[in-house]
Amino acid sequence: MSGDQENFTKLLELSPMLIAIHSDGIFTYANPYTISLLAGGDRSRIIGRPTSQFVHSESEGTASKHLSEREHTPHTIKYTKLKLMTCDGTVVTTMGCSTPILYDGRPSVLSIGENVTETDILVAALQESEEKFRLIVETARDAIYKCTYRGDFVYMNPAGLAMLGHTADTLYRLNYTDIIPPDAKSQEHSFYM
């Protein structure tokens, strides 16, 4: 093996990304990270096994489509999110791509991806939190609003709009100082300016 090949092999072996090669739907190579994540470190549980064994039922259609495309195109398939199943049944969400290569003289597919499971969990939790916050704001009986640093309205909840007798369209064209009594304008103006 040449020095360049050794360096490339080290890169594959040390990468914290899922890197695998398959031919005719059978794994022929997986780097240590992939083996650790999907098979608990046991290489024999991946190499020589069908790739379909690791595809979660929710991603079967996408995976099948990509395999079909792979047979008909010499190009890299764009980044795609897939759910995989580990040998112990844990669901792992990945984001990756694949490209055709020759491996050991055989037409094969190189797949590279990253584990985005934790990111997906955090995004779902954030969305749930935002939905709860939005529900609280939208159903509050008090006026809740948001202005730019200059006092231009960018949001007001339904209770605030009802109190002022405005629609969102008319209110968002106004500045906070446009709706306060004239005798309070100097005090409020200094707050926003």
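Taking the Cα centre of the chain as origin and assigning +1 to Lys and Arg Cβ atoms and -1 to Asp and Glu Cβ atoms, the resulting dipole is close to 160 debye. Ranking V154, S15, I101 by Cα position along the charge dipole of the chain, where only Lys, Arg, Asp and Glu carry charges on their C-beta atoms, puts I101 farthest toward the positive end. Ordered from highest to lowest accessible area with the whole protein assembly present and a 1.4 Å probe, I21, I26 read as I26, I21.
Ranking request for peptides 106-114, 120-128: highest mean number of other beta-carbon atoms within 10 Å first, then the rest in descending order. Please report the intermediate quantities before stating the final value.
Numbers: 106-114: 18.1, 120-128: 10.9.
Packing proxy ranking, top to bottom: 106-114, 120-128.
Checking the cross-link pairs K81/K132; K78/K132; K83/K146; K81/K146 against a 31 Å limit on the alpha carbon distance flags K78/K132; K83/K146; K81/K146 as lying beyond it.
How much accessible area per residue does the chain have, counting only protein heavy atoms and a probe of 1.4 Å, in square angstrom? Write out the running numbers ahead of the final one.
Details: 12580 Å² over 193 residues.
Value for the chain: 65 Å² per residue.
You can think of it this way: the chain between A162 and S57 has 32.9 nm of extra reach, that is 0.36 nm per residue less the Cα-Cα gap.
Ranked by the mean number of other Cβ atoms within 10 Å per residue, highest first, peptides 83-94, 4-15 order as 83-94, 4-15.
Listed options for Kirkwood radius over Cα pairs in Å are (i) 17.8; (ii) 19.9; (iii) 21.3. The value calculated from this structure is the one marked (iii).
Could you tell me which of rounded, prolate or oblate describes the range 73-159, using a ≥ b ≥ c as the square roots of the eigenvalues of the alpha-carbon gyration tensor, with rounded for a/c under 1.5 and, failing that, prolate when a/b is larger than b/c and oblate otherwise? Note, shape of the range 73-159 comes out prolate. Overall, the accessible surface of the range 1-151 at a probe of 1.4 angstrom is composed of carbon and sulfur to the extent of 56 percent.
The values are calculated or read from the model by the stated rules, or taken from the named source; none is laboratory data. All values reported here derive from a predicted model rather than from experimental measurement. When we count neighbours, we look across all protein chains shown, and the Cβ atoms used for this are built from the backbone with ideal geometry, even at glycine. Calculation scope for accessible area: heavy atoms of the full protein, side chains included, ligands and nucleic acids excluded. Shrake-Rupley method; radii C 1.70, N 1.55, O 1.52, S 1.80 Å.
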